[in-house]
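Read-outs: derived from the displayed coordinates by stated rules, not from any lab. From a predicted model like this one, the values you see are computed outputs, not experimental measurements. Every residue, glycine among them, receives a Cβ derived from its backbone with ideal geometry; neighbour counts consider all protein chains shown.
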Protein chains: 2
Amino acid sequence: MSLTVVGSIAFDSVRTPFGERERMLGGSAVHFALAASFFTEVRVVGPVGDDFGSDELGVLSDRGVITEDIERVEGGETFFWRGHYEFDFNTAHTDDTQLNVFGDFEPKLSDESRAADTLFLANIQPDLQRGVRAQCEGAKLSALDSMNLWIETARDSLLRAIGEVDCLLINDAEIRQLTEEPNLARAARAVMDLGPRAVVAKQGEYGAALFTREGFFALPGFPLEDVRDPTGAGDSFAGGFLGYLDSALADGGDADEALEDANLRRAMGFGTVIASFNVEEFGTERVARLTREEIDERMAKLAGMTQFDALPA
Amino acid sequence: MSLTVVGSIAFDSVRTPFGERERMLGGSAVHFALAASFFTEVRVVGPVGDDFGSDELGVLSDRGVITEDIERVEGGETFFWRGHYEFDFNTAHTDDTQLNVFGDFEPKLSDESRAADTLFLANIQPDLQRGVRAQCEGAKLSALDSMNLWIETARDSLLRAIGEVDCLLINDAEIRQLTEEPNLARAARAVMDLGPRAVVAKQGEYGAALFTREGFFALPGFPLEDVRDPTGAGDSFAGGFLGYLDSALADGGDADEALEDANLRRAMGFGTVIASFNVEEFGTERVARLTREEIDERMAKLAGMTQFDALPA
């Protein structure tokens, strides 16, 4: 029961109709790790610059995340993203991106990170994802995220990377773009033909849909009257999803057990719930002080919001 | 247990990436009535021209729909819509609209139509909706649909019409537009403050969400590998939804009983299922030969696709 995530660690400056923040802790690996930390031991692999301080490390270590494989590049600056959202929170508008140390990132995994049961390849260049996947050949469970940039510029590498993992988590529009198949169910099947046994289509506020060879499951986004910043929602979803599945590997189980239908559905629920907390405040603010009790309480509410009896009483 | 629907009866010429049809039977009242006919006795109120023949009437009467209140306007032509869809089935592109007899429509209800237990005001001018609502003052249950045109051109009338029904079924973007509230949960609450006890946000392929004063429920669209024509999906959803609720009024029950949470959830399921059949073929083709057994079978599948246990086994 251990999970390694490789991805970006960032400072985010974000403006939404409900406020703004300068240089918050962010990045896909950070949002993922915080979410997964409620279920398992998490190690983060990613680069930071001299500007990354003990406050930022503290947010992670306070949640029990192991930060030893965060690589500090001397003289470098941490990846920086500036963006804003209008009232349509499904669309992020990028105002500035400075890759900084992330531009030359060559993932270096310690023996402990390589030995993890579960591996998450957050959205980075697909050849780097493949390199990390090869280093973690003993991982029982692996998943990756990607984005339109890599579909457009490194499609063949991305298809190979997808073929080497158990699960793809990606935005629904990107599944269509990747497979050049407008029907989502067909697109998900085309992804599974490449290798993955599970495909999660992230759908923003509409929730997420899970496709496996055996069936289909979907959950709506948890309804919220106050959404302040959607940044990191998808990574929080992935962290809750994969963190829970890693915990299902406990006691020597294998991927077949972890990926049983009931586990996958519960993983979808935990992903949905943690993502919903993530968007209630800016950056990592809400998840950093979240408790397992709050998660379980919202899980029970979500389960209640999505069940019905097909047959009249 | 009886339902009256007032709305458009049309000929639709539709082109999608999967084929095209000229002058198919269509219109919101038609799609709604066919869907509702699986649950209750349905009467259709709407105008047609001389071009509307026995073949078209037969599609309705074969499903048991009572067509006596279909008004034939001598010398007139039936409402005509021509449109197409690209691969994004969530967006209809209108190429031609000829209101014809629908442009001068003044709903005339027979005593039998006025006496219905349940009334559905499909998408027509809001003052006409109010007039019909007033004629059916004995209806135990009433609902309406609308569209961006009326929000933009007859907002005050529409707000009053909404205040006079039990349930609003409308696209989620239009709920936001109507209430000028970008957050859907807040927007739905604003609608309920006007009067309705239930608000259904239709979300295209993403499914539908139900807001009541007591809670929230949502269902994904039923996953389909073959979608050929989405025209009428929203009206089919409304027909399945309200048709089932009307059947729950049986045996002298009142709206409080019909709108119990378990009934509303099941109604959402029936709406989702019938809409999913509707889009599998063009126009009314699929629903016209649909059976209750097929509906119940898909309902059971849908229930299975949306349930999970919050607590680990």
Original post:
With springs only between Cα atoms under 10 Å, which of A:Asn171, A:Asn278, A:Asn90 fluctuates most in a Gaussian network model of chain A?
Top reply: A:Asn90
Subject >> Exposure rule at most 14 other beta-carbon atoms within 10 Å, DSSP loop trypsin sites (Lys or Arg not before Pro): chain A longest free segment >> reply: A:1-107
Original post:
Relative to the Cα centre, what is the charge dipole magnitude of segment B:139-190, using +1 at the beta carbon of each Lys and Arg, -1 at the beta carbon of each Asp and Glu, and rounding to the nearest 20 debye?
Top reply: 160
Original post:
Suppose every K and R has +1 on its Cβ and every D and E has -1 on its Cβ; what is the size of the dipole of chain B about the Cα centre, in Debye to the nearest 20?
Top reply: 640
Original post:
Hey, what's the Cα Rg ratio for chain B versus the globular rule of thumb, 2.2 N^0.38 Å?
Top reply: 0.93
Original post:
Which whole-Hz ³J(HN,Hα) couplings does segment A:300-311 yield from phi under the Karplus relation 6.51 cos²θ - 1.76 cosθ + 1.60, θ = phi - 60°, glycine and proline marked x?
Top reply: 5, 5, 4, 4, x, 7, 10, 9, 8, 8, 5, 9
Subject >> Options B:Gly215, B:Gly243, B:Val200, ranked by Cα towards positive dipole end of segment B:181-249, top entry (Cβ charges) >> reply: B:Gly215
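Per residue of A:221-230, count partner chain C-beta atoms within 10 Å of its C-beta, then hand back the mean as an integer.
Whole-number average of other-chain Cβ neighbours for A:221-230 is 4.
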Subject >> Computed log₁₀ I(q)/I(0) - Debye formula, equal Cα scatterers, no solvent, segment B:48-145, q 0.14, 0.15 Å⁻¹ >> reply: -0.70, -0.80
Subject >> Beta bridges per DSSP with both ends in segment A:45-136, % antiparallel, nearest 5 >> reply: 60
Original post:
Which one of A:Pro196, A:Pro223, A:Pro126 has the biggest mean-square fluctuation once chain A is modelled by GNM with Cα springs under 10 Å?
Top reply: A:Pro223
Original post:
Looking at the protein assembly as shown, what % of its DSSP beta bridges pair antiparallel, to the nearest 5?
Top reply: 40
Original post:
Taking the DSSP beta bridges in chain B as the whole, what percent of them are antiparallel, to the nearest 5?
Top reply: 40
Original post:
Are any of the pairs B:Lys140/B:Lys301; A:Lys140/B:Lys301; A:Lys140/A:Lys301; A:Lys140/A:Lys202 more than 28 Å apart by Cα-Cα distance, and if so, which?
Top reply: B:Lys140/B:Lys301; A:Lys140/B:Lys301; A:Lys140/A:Lys301
Original post:
Residue by residue, what Karplus-based ³J(HN,Hα) values in Hz, rounded to whole numbers, does segment A:89-99 have, using 6.51, -1.76 and 1.60 with θ = phi - 60° and x for Gly and Pro?
Top reply: 6, 6, 10, 8, 9, 8, 9, 6, 9, 10, 5
Subject >> Using alpha carbons only: equivalent-ellipsoid semi-axes of the protein assembly as shown, gyration tensor based, whole Å >> reply: 49, 23, 22
Original post:
Any idea what the dipole of the protein assembly as shown comes to, in debye rounded to 20, about its Cα centre with Lys/Arg Cβ at +1 and Asp/Glu Cβ at -1?
Top reply: 340
Subject >> Stokes-Einstein D for segment B:142-223, Kirkwood Rh over Cα pairs, 10 °C, 1.306 mPa s (µm²/s) >> reply: 127
Original post:
So which residue, out of A:Glu293, A:Glu77, A:Glu260, gets the largest mean-square fluctuation from a GNM of chain A using Cα contacts under 10 Å as springs?
Top reply: A:Glu293
**OP:** May I ask for the Kirkwood hydrodynamic radius of segment A:167-278, worked out over all distinct Cα pairs and given in angstroms to one decimal?
**Re:** 14.2
**OP:** Hey, can you grab everything whose amide H is under 5 Å from the amide H of A:Ala310? Only 5+ residues off in sequence or another chain; H modelled, so Pro and N-termini drop out.
**Re:** none
